[in-house]
1. In sequence order, what are the phi-derived ³J(HN,Hα) couplings for region 91-102 according to the Karplus relation 6.51 cos²θ - 1.76 cosθ + 1.60 with θ = phi - 60°, rounded to whole Hz, with x for glycine and proline?
2. For Leu146, list long-range residues whose amide hydrogen, built 1.01 Å from N in the peptide plane, is under 5 Å from its own amide hydrogen.
3. In nm, to one decimal, how far is the Tyr121 label point from the Ile63 one, both placed 7 Å along Cα→Cβ?
4. Using modelled backbone amide H atoms (1.01 Å from N, in-plane), which distant-in-sequence or interchain residues come within less than 5 Å of Ile109's amide H?
5. So for the chain, what are the equivalent ellipsoid semi-axes in whole Å, largest first, each being the square root of 5 times an eigenvalue of the Cα gyration tensor?
6. For the chain, give the magnitude of the charge dipole about the Cα centre (Cβ charges: +1 Lys/Arg, -1 Asp/Glu; no others), in debye to the nearest 20.
7. Mind checking which aspartates and glutamates have their Cα closer than 14 Å to the Cα of Lys179? Skip sequence neighbours fewer than 8 apart in that chain.
8. Let's test the formula: R0 of 25 Å, r as the Cβ-Cβ distance of Glu170 and Ala87. What FRET efficiency results, to the nearest 0.05?
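The numbers here are math on the coordinates, done by the rules we state, and not lab data. Computed from a predicted model, the values in this text were never measured in an experiment. Quick reminder, even Gly has a Cβ in these numbers, built from the backbone with ideal geometry, and neighbours come from all protein chains shown.
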Amino acid sequence: MALAGVTAVQAQPSINPEGFAVGVTAGMLTSTAAYNDGTIDAHGLGKSETTSAINADYTFRGIGIGTLTLGAEYDLSNPELANYRDATNNFTFKQDQRYGVFFSPGFVIANSAMGYLKVGYYWLDVDGRGTRAGQSYGFRGWGYGLGTRYFVDKNVYLSLEWMQTDYGSENIPGGASLKPEGTYGSIGVGYKF
């Protein structure tokens, strides 16, 4: 009887992920973009750049090991997303700002970590420079990914995340269209209050 009681206590997760948390991340963005204006049809434009972000979220504890996190994030960096150059044309698209809201169903694993799936809606402002791209453009789109948080103690955690975001296609002046996408991989540190 005593053994059954000890086993039940050990099966309970030792972390409580419920509560408000803030964090910072650093990682790599691999972007791709398609540009088409009738004269230039360029697919696979893109870059790999470092990126950093801040985030704030609240995790609710569900039944058993389940969790649900609601949050927001803001990218601190302005990476170059795409560029194009030929004999007569030269243009670059650079991220001006990126921010979004997300929800993440998850579960507690291994007494000191939680894993999660992530779905978010993101806004991306792009600054265009060059012969065919001289202004700012706004995009919106959905992202999805997965990640984990490893709790070093009851408040401090380390994070690892992968995210794919598709911002859709927007018409830009001159009869052109631009379609950016991004794959983000990041590591981070955070504090749960």
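1. Per residue, the Karplus-derived 3J(HN,Hα) values read 8, 9, 10, 10, 5, 8, 7, 9, 8, x, 10, 8 Hz.
2. Lys118, Trp162
3. Computed distance between label sites Tyr121 and Ile63 equals 2.8 nm.
4. Here Met114, Gly115 satisfy the definition.
5. Output for the chain: semi-axes of 42, 14, 13 Å.
6. With only Lys, Arg, Asp and Glu charged at Cβ, the dipole is about 380 debye.
7. Asp37, Asp41, Asp125, Asp127, Asp166, Glu170
8. Approximately 0.40, to the nearest 0.05.
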